[in-house]
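The values are calculated or read from the model by the stated rules, or taken from the named source; none is laboratory data. What you are looking at is a predicted structure, and each value in this text was computed from that prediction instead of being measured. A quick note on method: Cβ atoms are made from the backbone with ideal geometry, for glycine too, and the neighbour counts reach across all protein chains shown.
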Protein chains: 2
Amino acid sequence: MVKDVKEILKNNSLSITGSREKILSLFLEQPGALAHGDIEKRAGEKFDRVTVYRTLQTFVEKGIIHTIPTADNSIRYALCKDDCKEGHHHDHHVHFVCTQCNTTYCLDDVVTPELKLPKGYTSTHIEVVAEGVCKNCK
Amino acid sequence: MVKDVKEILKNNSLSITGSREKILSLFLEQPGALAHGDIEKRAGEKFDRVTVYRTLQTFVEKGIIHTIPTADNSIRYALCKDDCKEGHHHDHHVHFVCTQCNTTYCLDDVVTPELKLPKGYTSTHIEVVAEGVCKNCK
DNA sequence: TAGCAAAAAGCAACATGGTTGCAAAATATT
DNA sequence: AATATTTTGCAACCATGTTGCTTTTTGCTA
């Protein structure tokens, strides 16, 4: 059921290392988004902080994961869908933060709406974050 | 032209102090949003970091300013419109970050759009941040 | 307007999140 | 199997933000 971690790494021409396998599988194992802190905790104290930072950075660059801005000022990361290529993301979906369980979801099916901006403003990217109660907590 | 700073503080039952006057006038003097760092710089090295943090916190609590989440993980603050009351904000407008000059604007006239969320999800608040080029930089 | 209680400012110390440089270890390549 | 290249881990560092406590300032009242 779990997509082969090694395969994903190879496809992105990344060398296969323990930390990359472990961190990537953390993302595959669960539905929501992960913050840096979550990863350090769930990985079981195994990796250096720096390694986690660098691994996440690498994954973002390769388009394996994408970042989600949240109001509480902590960057979260989530898996990208298959149509994300290196350096060019297509995460035009809405993100949802549950105020109960504090989980962040990618609502892949909810597309970011069009906006009528004032004269003179041109937008290249629109980020939408909805806050509320998720289906598991209601 | 500049609204009386002392008046605003009084209306919110805040004591009138040097730092509050100074910081509040910084917001009134310019159109965009300010991050904590901006304030420390523009105030001319006069205030302690802690004072700035606490002043901003107080202003947020009183509904004088509101926070804007941004992708680069730094909280920005902007003036609230008049209909914001203590503990109850009405900042249901879109925010805009210019990638050229890095200014954050409140687009007060652009209302956050409605969203159709998946079954089971209930949202209490929707945050929209548009990224692009502003009218001064195009 | 002097005096006093309450609030705010300033300072030190700490916590967290994140980065950089470098040496040691692991990976990929022939 | 041996070497060149990556990646890791460590130490040190920086930025951002918080907490506790003392000193100063403010607002109020006599």
Going by the conditions given, is A:Lys22 modelled with pLDDT under 90, within 21 Å of A:Thr104 (Cβ to Cβ) and among the basic types (Lys, Arg)?
no
Kindly state which helices (runs of 4 or more DSSP H) lie completely within the stretch B:1-53 and contain at least 1 residues that are within 14 Å of another protein chain (Cβ to nearest Cβ) and within 15 Å of DNA strand C (Cβ to nearest atom).
B:36-42
Can you pull out the residues in the stretch B:111-138 that are among the hydrophobic types (A, V, I, L, M, F, W, C), within 7 Å of chain A (Cβ to nearest Cβ) and either under 16 Å from the mean Cα position of the chain (by Cα) or more than 14 Å from A:Thr122 (Cβ to Cβ) (or both)?
B:Leu115, B:Leu117, B:Ile126, B:Val128, B:Val129, B:Ala130
Condition first: over 18 Å from A:Ile75 (Cβ atoms), touching a residue at least 40 places away in the same chain (Cβ under 8 Å) and out of contact with any strand residue (DSSP E or B) (no Cβ under 8 Å at 6 or more places or on another chain). Now tell me which residues in the stretch A:14-60 satisfy that.
A:Leu14
May I ask you to verify whether A:Ile64 is under 22 Å from A:Cys106 (Cβ atoms), more than 11 Å from DNA strand D (Cβ to nearest atom) and under 14 Å from the mean Cα position of the chain (by Cα)?
yes
